[in-house]
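The values are calculated or read from the model by the stated rules, or taken from the named source; none is laboratory data. As the structure is a prediction and not an experimental result, all values here were calculated from the model.
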Amino acid sequence: MAKKIPQVESLIVVAFLLSVALWAISKCSESRRERIRRAPTEEEELRAQERPAPKRDTVYLPQPQPTASAPAPAGPPQTASPAAPQPTPAGPPPKRPTLTPEPQPAPTAAPPTAAQYSTLYVTIDGLNVRKEPNRHSAVVERLKLHAPVLYLNKKSDQPEEINLGREKVTDYWVNIRTPSGKEGWVFGAGVHYYPMKRPGVE
């Protein structure tokens, strides 16, 4: 029995070594197969890198050829007609008359019309129209109550105080035109824009 045991152990060892050898051989064959499979792809990549890029074909467009234009028909040769001789005037050329503008009169301002003035009405019966804007000037005309006059847009530089009987009034003198066409000055308190009678007058 003692001799059989080492043989069994040796058989086990041999079997183990054989299995390891078979396993190693199979692994080597598998790795070799993988290398064989990968080798063409790697070569293809290298070939693809070394292969030059394809050149683009250049397209030549046909250029339009100039068409020969038919020459214009030649007409009969034109002969220049000799210019008729112009008579030369004898003596110096006549002088052209110079037109001088006639002096035009300066435009004169049109006299103001009644529409440009305001109408006032006399508020004091017997109102004096004086030549100058003061109470000591000569009387030009006397106006009745409510008589219409035209205010000529002028008044005195300074007001004046006048006693009208019951009151003293300080006012300017105004330039007016009477219905008869006379122009003069009246005291401002004696006219108004509406026909009325001034209170406080005797």
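In this structure, is Leu99 in a loop (DSSP other than H, G, I, E, B), of a type in the set (A, V, I, L, M, F, W, C) and modelled with pLDDT of 60 or more? Yes, satisfied. Annotation: of all residues in the stretch 182-202 being assigned to a loop (DSSP other than H, G, I, E, B) and under 57 Å from the mean Cα position of the chain (by Cα), the one that is nearest to Ser118 (Cα to Cα) is Tyr193.
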